[in-house]
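Worksheet for the structure shown next.
The values are calculated or read from the model by the stated rules, or taken from the named source; none is laboratory data. Everything numeric here is computed off the predicted structure, so don't read it as measured data. Note that we place each Cβ from the backbone using ideal geometry, even for glycine, and neighbour counts take in every protein chain shown.
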Amino acid sequence: MIIPGSSSAALSRHLSSELNRDIASVEITRFPDDECYVRLHSEITSDVIIVQNTHPDKNIIELFLLQNAAREAGARHITTVIPYYGYCRQDKKFKQGEPISARKLAQLIQQDSDLVITIDPHKPVLDTFFDIPLLMPSAVPVIAQFFTDKHIDIVLAPDKGALQRAQDTAELLNSSYDYLDKKRLSGDTVIMESKTLDVKDKNVLVIDDIISTGGTMALAIHNLKKQKAKAVYAACSHGLFIGQAVTKIKAAGCTQLISTDTFESSHSHISVASVIAKSLHSYSPKPKPI
Ligand code: R5P
């Protein structure tokens, strides 16, 4: 049985048809003081899948309450699907006095969970923070599939750190790949060194894991349009689209902006349900020591 959190209603429906499992009837409301109330109305099976993001903050508490409600209702095996794992950027203490947010969240999530699945976490080191199995499948195959008929000539990563994702996508699309030189000055300020790329009259796909403020993607597109790219598509796993992100990206000359449904929005044209289902099907738990 699938228990849909309020961040992931559409993805839960897609997952339910991929896995041929029922969706639980769940009541999720807020008290006048904004505290969260959840109640499971369906009879809960012993094996459940809860789907809920850890972003924004209020979804985190909702996730913990759903997990607890499922345990209290008799679930013996809880798979927690966190399509977008918020707080993954803070995977270490960059400065004295900071928390290790990604690890703290992992400790809390696993209290009422037996298996966790999350798509393209910002830092793969996440798996060292869990004592229970964590699966981290990539959205790249479904993103590449979406672009198969767009005749993409080159796939670009907005920075060198994201090159592997561009390379994986390019291999599936049979195109070339490269990266741009991004430097982040602050949370919402990025600069891009000018780099000459072979993009004139070409169809380009810029792929990133997250689009947050849209600054990175807008700069990349601007850069490519300046170099006379024919079409510039923008794709990401997690489209948070904070503030004016979409406006900025469109104004830069984006041909089409696409994200998956890890974070649901009007740009979620690709579902990761098949990615999650495949990951679940191929998962075989390690036998417990006698
Ligand atoms: C950074 O390492 C990430 O991969 C993204 O490039 C970044 O999160 C995008 O942020 P924004 O949309 O705010 O530029």
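Brief remarks follow.
- Of residues in the stretch 220-232 being assigned to a helix (DSSP H, G or I) and without any contact (Cβ under 8 Å) to a residue 60 or more places away in the chain, the one surrounded by the most Cβ atoms within 10 Å (Cβ to Cβ): Ile221
- Residues satisfying the stated conditions in the stretch 57-112, i.e. more than 25 Å from Ser259 (Cβ to Cβ) and assigned to a strand (DSSP E or B): His77, Ile78
- Among (1) under 15 Å from Asp153 (Cβ atoms); (2) among the hydroxyl-bearing types (Ser, Thr, Tyr); (3) buried (at least 24 other Cβ atoms within 10 Å of the Cβ) - the single one Ser237 does not satisfy: (1)
- Residues of the stretch 259-278 that are within 16 Å of the ligand (Cβ to nearest atom) and touching a Pro at 6+ places or on another chain (Cβ under 6 Å): Thr262 alone.
- Against the list (1) without any contact (Cβ under 8 Å) to a residue 40 or more places away in the chain; (2) in contact with a helix residue (DSSP H, G or I) (Cβ under 9 Å, 6 or more places away or on another chain), the condition Leu105 fails is (1).
- Among the candidates Ile61, Ile44, the residue that is touching a Gly at 6+ places or on another chain (Cβ under 8 Å) and either over 25 Å from Ser138 (Cα atoms) or loosely packed, with under 13 Cβ neighbours inside 10 Å (or both) is uniquely Ile44.
- In the stretch 1-24, the residues that are among the aliphatic types (A, V, I, L, M) and either outside any helix (DSSP H, G or I) or more than 19 Å from the chain's Cα centre (by Cα) (or both): Met1, Ile2, Ile3, Leu19, Ile23, Ala24
- Residues (outside any strand (DSSP E or B) and of a type in the set (D, E, K, R)) located in the stretch 40-56: Glu43
- Index of the failed condition, Gly97 passing every other in (1) surrounded by fewer than 18 Cβ atoms within 10 Å (Cβ to Cβ); (2) among the small types (Gly, Ala, Ser); (3) closer than 26 Å to Ser138 by Cβ: (3)
- Of the residues making up the stretch 212-253, those that are under 21 Å from Asp149 (Cβ atoms) and not β-branched (Val, Ile, Thr) are Leu224, Ala229, Lys230, Ala231, Tyr233, Ala234, Ala235, Cys236, Ser237.
- Filtered residues of the stretch 206-258 (kept if of a type in the set (A, V, I, L, M, F, W, C), within 20 Å of Pro56 (Cβ to Cβ) and more than 10 Å from the ligand (Cβ to nearest atom)): Val246
- One residue alone among Ile82, Ile100, Ile60 is within 16 Å of the chain's Cα centre (by Cα) and over 21 Å from Ala277 (Cα atoms), and that residue is Ile60.
- Contact map, the stretch 200-219: residues that are in the same structural domain as Phe146 (by TED's automatic domain parsing) paired with residues that are near the ligand (Cβ under 10 Å from one of its atoms) and among the aromatic types (Phe, Trp, Tyr), Cβ distance under 9 Å, separation 6+ or inter-chain. Pairs shown: Ile211/Phe241; Ser212/Phe241; Thr213/Phe241; Gly214/Phe241.
- Selection count where residues are assigned to a helix (DSSP H, G or I) and closer than 23 Å to Ile270 by Cα, scope the stretch 127-136: 0
- For the stretch 165-187, a residue qualifies if it is within 18 Å of Ile210 (Cβ to Cβ) and small (Gly, Ala, Ser), and the qualifying residues are Ala166, Ser186, Gly187.
- Where Arg71 falls short, out of the listed (1) touching a helix residue (DSSP H, G or I) at 6+ places or on another chain (Cβ under 8 Å); (2) exposed (fewer than 15 other Cβ atoms within 10 Å of the Cβ): (2)
- In the stretch 234-285, residue nearest to the chain's Cα centre (by Cα) [restricted to those that are free of Cβ contacts under 8 Å to residues at least 12 places away in the same chain and part of a loop (DSSP other than H, G, I, E, B)]: Ser266
- The strands (runs of 3 or more DSSP E) found entirely in the stretch 137-205 that carry 2 or more residues being within 14 Å of the ligand (Cβ to nearest atom) are 154-157, 181-186, 189-193.
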